[in-house]
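A quick write-up on the structure given underneath.
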Amino acid sequence: MNKLKRLEILSRLRDNDPHPTTELVFNSPFELLIAVLLSAQATDVSVNKATIGLFGDAPTPAAMLTLGVEGVKRHIKTIGLFNTKAVNVIKTCQILIDQHQGVVPENREALEALPGVGRKTANVVLNTAFGWPTIAVDTHIFRVANRTNFAPGKNVDLVEQKLLKVVPAEFKVDCHHWLILHGRYTCIARKPRCGSCLIEDLCEYRDKTE
Ligand code: SF4
């Protein structure tokens, strides 16, 4: 895909949604970190349902430690992999208190050192809590980038590298959310909604639907 097409796609996505953000509900970088950690292989809707009660009881790392693994489990048992996630939440909170004064570090290495936090989660936290121009590539972004030919790549790391290279600075902070929302609601996995897609004339997917 050429540069002009990419620019037009980003401009249209921006015009359509000038201030995109995550659908996860959070009130602090800490709550965002925990919500993203819980969202692996789970929908944002299911995470939000669980975190209303969880964050009500434990809005800080210290309060989360008081709740303990079993207490966290009680709140998140409707979410997939809740046993492992509860353990990771508590370990993460312990590290935040022991090594970061109870604050979520604005630092990639420190974030990725937290249990259950990989590159994607770190990218989301740096982007959404701290405004860094990072682009976390999840399943939606991977699909959209490849289908449209906007930033094709064989794996998520290659797509991330390509996106960081081809997306102009003015669009970088919001690009992550535009592409996720586009993949979640329009360019959906099973049958993309090409007929109602605002970039249909620019997309290079060969099997477009009506
Ligand atoms: S035209 Fe179809 S395949 Fe292309 S981005 Fe839109 S929904 Fe996806």
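The values are calculated or read from the model by the stated rules, or taken from the named source; none is laboratory data. Just so we're clear, the structure is a prediction, and the values are computed from it rather than from any experiment. Heads up: the accessible areas ignore ligands, DNA and RNA and are worked out on the full protein's heavy atoms, side chains in. Shrake-Rupley method; radii C 1.70, N 1.55, O 1.52, S 1.80 Å.
Overview of values
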quantity: For segment 169-210: accessible area per residue (Å², 1.4 Å); calculated: 60
quantity: Cα radius of gyration and Dmax for the chain (Å); calculated: 18.2, 56
quantity: The chain: angle of helix 169-185 to the longest principal axis, Cα-based, in degrees nearest 10; calculated: 90
quantity: Share of carbon and sulfur in the accessible heavy-atom surface of segment 134-210 [1.4 Å probe, %]; calculated: 50
quantity: Compactness relative to 2.2 N^0.38 Å, alpha carbon Rg of segment 29-128; calculated: 0.95
quantity: Viscosity 1.567 mPa s, 4 °C: Kirkwood-radius Stokes-Einstein D of segment 111-210 over Cα pairs, µm²/s; calculated: 92
quantity: Contour minus Cα-Cα distance for ARG14 and VAL87 (0.36 nm per residue); calculated: 22.4 nm
quantity: In degrees, nearest ten, helix 139-148 long axis to first principal axis of the chain (Cα); calculated: 10
quantity: Between 0 and 90°, nearest 10: helix 29-38 axis offset from the chain longest Cα axis; calculated: 80
quantity: Members of LYS49/LYS165; LYS120/LYS172; LYS49/LYS91 lying beyond 26 Å, as alpha-carbon distances in this model show; calculated: LYS49/LYS165
